[in-house]
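The values are calculated or read from the model by the stated rules, or taken from the named source; none is laboratory data. Small disclaimer: the values here were computed from a predicted structure and weren't measured. Here the Cβ positions follow ideal geometry from the backbone for every residue, glycine too, while neighbour counts run over all protein chains shown.
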There are 2 protein chains.
Amino acid sequence: MDMTIKDVAKIAGVSPATVSRVINGTKPVSEEVTKRVLDAIEKTGFKRNAAARSLVVKRSNLLGVIIPDISNMYFSELIKGIDSMAHFYNYNIILSSSSTNENREVECFNLLLEKGVDGIIFTAYRYVRDPIYKIIDRASIPFVSLNRKCRNTISIRVDNTKESYEATKYLIKLGHRNIAFISGYFDDDASGIQRMDGYKKALKEYGIPIRQNLICEGDFTFKGGYNGAEKLLMFNKDITAIFAVNDEMAYGVMAYIQDIGLKIPKDISVMGFDDVAYSQNFRPRLTTVHQPIYDIGEMASKTIIKAINEGFREDDIIVKGGIAVRESTRRIE
Amino acid sequence: MDMTIKDVAKIAGVSPATVSRVINGTKPVSEEVTKRVLDAIEKTGFKRNAAARSLVVKRSNLLGVIIPDISNMYFSELIKGIDSMAHFYNYNIILSSSSTNENREVECFNLLLEKGVDGIIFTAYRYVRDPIYKIIDRASIPFVSLNRKCRNTISIRVDNTKESYEATKYLIKLGHRNIAFISGYFDDDASGIQRMDGYKKALKEYGIPIRQNLICEGDFTFKGGYNGAEKLLMFNKDITAIFAVNDEMAYGVMAYIQDIGLKIPKDISVMGFDDVAYSQNFRPRLTTVHQPIYDIGEMASKTIIKAINEGFREDDIIVKGGIAVRESTRRIE
DNA sequence: TGACATTAAGAAAGCGATTTCCTATAATTG
DNA sequence: CAATTATAGGAAATCGCTTTCTTAATGTCA
């Protein structure tokens, strides 16, 4: 049923080697023979068998992508960028949702490795620990880690501390003093914690005391933001601004504020982080730290493909962020 | 560098065949030998080469997934379901964004076929035409088409006409008579058009004249919804409800309404379609036609894997929807 | 105890491509 | 024009695994 290169060769009256040469352009083939081969391919609808091919060329033109939750806008935009650039370079991506589960994450790495991907782009959920480091160190392909520095790996990320520092400073300059913060997991070892560092640094710089009860642990979900806001506002009536460590939580915060009948930004200013697509759309539009998410995705693909071809395995690329000022924050006296 | 089954065999002091049997459990191997093989695998970090394997077993355990835009919430939830169930059955998914481009769509099919996927799940962007039918008819793997009936293919979908009819009826029963409709593309041949049919059917049934200027062509994007609302409300001051053919456009509609200072649902009711995750979150919460998106994804995986194993290629599965009543609609006199 | 059935493990073929090595023909050159 | 060099295309090896076909060893039964 499915045609092989031999079938095509027979029909075109040439050897399989010649068919291969026509397809890949690896060696000159006369015009006349080329035409015969092309015709045979067209006629048979032949598609070369990728398994057989990668067995000999030792490349699959497949990129593995591991992310915690594909239905999170941040990740879907990222993937869109990754896929687009991968496609440009003739790669396809194998997607693997690690959920929010470390074992599953390890499983994803192993599965992708077994599938013979040429490289893996991943965003670790919470931390990167020994089992994953062991896999990375053993494997012979390059890895790109997004949003987190990671040994033996190419990392691409914004300067979380700095961006968060700037965002906090922006709120302070608007006159806010009682700025609450909804973080990621306290035992996270990357973006969440770094963003908290930036927040604290800005407060310190302006001589504003860090109040532990204005800092609330979050989980990057809408509900986490909602609950965080509830907890914060219930006990701290003086809060004038809330800075959430990602946009999804910021929208949760806004929902709570709206639910208790307050207005944004009149009563409370809200600042997010990430600048996912809907933050420019949904009302009120969110003031947030902009990450060029799609571009980071594209960069990840481009970089890993370069790494595959040139053989390097480590780098640390910082991309620029910036504050997208929109409607959810305002100046106060 | 990378270990092969031969290396493992040598270290364990057995033949490659035996190693294969231990890994796959295809034939009994004595306990003692099994242990030696397992140890060797552990020690070497051996991962079997998927290319070599699928070359002989003629299966890749890979599912192709083609969707127009992964950064659209509807599709990302879908993919989450697909991936989750695929993982359960030991499959991985290769994702391919077709963008909103027919040529690219065809390319995606061909690329996935070449990669040797065992089946393809797709959501066509606008219509399915000859080039794609040709591919489907020629291929020896099963296809699942989401949200659209399609020849020689297993389709899974909600009854768009019926659900849309019910939604419109719901608005009518709330007292609305001047119900505007923002459709998909007018030349779409599936969900968009079917949803419009349902809308018209309900109006007819209640003796409400269909006013062509209350129907506006949309494109499934936020901006499309926003612009549509603008166009509709600019010229038809009597509109009391707007029914958009998907949630993203419904949020665009709501944004426009808010921007001109009107209130939802006090001044205008808004109805969506799809019930993506954020529709339960963002305020005001959207009243919308519920599709069990994640479940449809799971079902797609399960069904296609069954089709792969049992060899069938055609079916038409209708899943139940229903109206999720929330905050964006209200009763009027 | 001899004949037969069972069982574990090895040898070797084969999956469908690519690629190296080789040959036959055409082209080039002194 | 003979000798050398280019060039197109074929034959066969190879990639790493699975699987069929054997074989040797053990167990069973009359």
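Within region B:283-326, restricting attention to residues that are closer than 21 Å to A:M254 by Cβ and touching a helix residue (DSSP H, G or I) at 6+ places or on another chain (Cβ under 6 Å), which residue is surrounded by the fewest Cβ atoms within 10 Å (Cβ to Cβ)?
The extreme case among them is B:R283.
Given the structure, is A:K134 surrounded by fewer than 19 Cβ atoms within 10 Å (Cβ to Cβ), within 16 Å of DNA strand D (Cβ to nearest atom) and facing chain B (nearest Cβ under 9 Å)?
no
Filter region A:63-72 for residues that are surrounded by 20 or more Cβ atoms within 10 Å (Cβ to Cβ) and modelled with pLDDT under 95; which is farthest from DNA strand D (Cβ to nearest atom)?
Only one residue tops the list, namely A:N72.
Return the only residue of B:A40, B:A52 being over 22 Å from B:A300 (Cα atoms), at the interface with another protein chain (Cβ under 9 Å from one of its Cβ atoms) and either among the hydrophobic types (A, V, I, L, M, F, W, C) or within 16 Å of DNA strand C (Cβ to nearest atom) (or both).
Answer to the check: B:A52.
Residues in region A:317-325: is at least one modelled with pLDDT under 95 and either within 22 Å of A:R151 (Cβ to Cβ) or among the hydrophobic types (A, V, I, L, M, F, W, C) (or both)?
no
Any residue in region A:202-223 that's free of Cβ contacts under 8 Å to residues at least 12 places away in the same chain: show its pairings with residues that are in a helix (DSSP H, G or I) at Cβ separation under 7 Å, as long as the two are six or more apart or on different chains.
Close Cβ pairs (under 7 Å, with a partner that is in a helix (DSSP H, G or I)) amount to A:I210/A:K200; A:I210/A:L203.
Any residue in region B:239-255 that's on the phi > 0 side of the Ramachandran plot: show its pairings with residues that are among the acidic types (D, E) and at pLDDT below 95 at Cβ separation under 6 Å, as long as the two are six or more apart or on different chains.
Qualifying pairs under 6 Å: none.
Taking B:S96 as the residue in question, decide whether it is crowded, with 24+ Cβ neighbours inside 10 Å, among the hydroxyl-bearing types (S, T, Y) and within 21 Å of A:H87 (Cβ to Cβ).
Criteria met by B:S96.
Taking the condition in the same structural domain as B:R195 (by TED's automatic domain parsing), at pLDDT 95 or above, surrounded by fewer than 19 Cβ atoms within 10 Å (Cβ to Cβ) and assigned to a helix (DSSP H, G or I), does B:K223 pass?
Against the criterion (in the same structural domain as B:R195 (by TED's automatic domain parsing), at pLDDT 95 or above, surrounded by fewer than 19 Cβ atoms within 10 Å (Cβ to Cβ) and assigned to a helix (DSSP H, G or I)), B:K223 qualifies.
Taking region A:258-297 only, how many residues are acidic (D, E) and more than 18 Å from B:N72 (Cα to Cα)?
The total comes to 2.
Return a yes/no flag: does region B:70-88 have any residue that is away from DNA strand C (no atom under 16 Å from the Cβ), basic (K, R), within 29 Å of B:A277 (Cβ to Cβ) and under 17 Å from the mean Cα position of the chain (by Cα).
Yes, there is a match, as at least one residue in region B:70-88 is away from DNA strand C (no atom under 16 Å from the Cβ), basic (K, R), within 29 Å of B:A277 (Cβ to Cβ) and under 17 Å from the mean Cα position of the chain (by Cα).
Quick check on my filter: what residues within region A:55-64 are in a strand (DSSP E or B) and at the interface with another protein chain (Cβ under 8 Å from one of its Cβ atoms)?
The answer is A:L62, and nothing else.
So for region B:162-179 (the condition being among the charged types (D, E, K, R) and under 30 Å from B:L62 (Cβ atoms)), does at least one residue qualify?
Within region B:162-179, none of the residues are among the charged types (D, E, K, R) and under 30 Å from B:L62 (Cβ atoms).
Where in region A:232-333 are there strands (runs of 3 or more DSSP E), lying fully within it, with 3 or more residues that are more than 28 Å from A:Q212 (Cβ to Cβ) and more than 14 Å from chain B (Cβ to nearest Cβ)?
A:315-319
Only one of these conditions is not met by A:S60: (1) within 12 Å of DNA strand C (Cβ to nearest atom); (2) surrounded by 14 or more Cβ atoms within 10 Å (Cβ to Cβ). Which number is it?
For A:S60, the failing item is (1).
Would you mind stating whether B:T329 is in contact (Cβ under 8 Å) with a residue 60 or more places away in the chain, farther than 19 Å from B:M73 by Cβ and outside the structural domain of B:N92 (by TED's automatic domain parsing)?
In short, yes.
Restricted to region A:141-171, and to residues that are hydroxyl-bearing (S, T, Y) and not in a helix (DSSP H, G or I), which residue is farthest from A:I82 (Cα to Cα)?
For region A:141-171, the residue satisfying everything is A:T153.
Test each condition in (1) more than 30 Å from A:I136 (Cβ to Cβ); (2) within 12 Å of chain A (Cβ to nearest Cβ); (3) away from DNA strand C (no atom under 16 Å from the Cβ) for B:F122 and report the one that comes out false.
It is condition (2) that B:F122 fails.
In region B:158-174, which residues are without any contact (Cβ under 8 Å) to a residue 40 or more places away in the chain and more than 14 Å from B:H290 (Cα to Cα)?
Answer for region B:158-174, where residues must be without any contact (Cβ under 8 Å) to a residue 40 or more places away in the chain and more than 14 Å from B:H290 (Cα to Cα): B:K169, B:I172, B:K173.
Of everything in region B:13-45, what is in contact (Cβ under 8 Å) with a residue 12 or more places away in the chain, assigned to a helix (DSSP H, G or I) and within 13 Å of DNA strand D (Cβ to nearest atom)? Give them in sequence order.
Hits for region B:13-45 are B:T18, B:V19, B:S20, B:V22, B:I23, B:V37, B:A40, B:I41, B:T44.
Find the residue count for region B:2-12, including only residues that are in contact with a Ser or Thr (Cβ under 6 Å, 6 or more places away or on another chain) and either on the phi > 0 side of the Ramachandran plot or within 11 Å of DNA strand C (Cβ to nearest atom) (or both).
Total satisfying the criteria: 1.
Considering only residues that are within 14 Å of chain A (Cβ to nearest Cβ) and near DNA strand C (Cβ under 6 Å from one of its atoms), which ones fall in region B:13-27?
none
So which residues in region B:56-87 are more than 16 Å from A:S84 (Cβ to Cβ) and free of Cβ contacts under 8 Å to residues at least 12 places away in the same chain?
Scanning region B:56-87 gives B:V56, B:V57, B:K58, B:H87.
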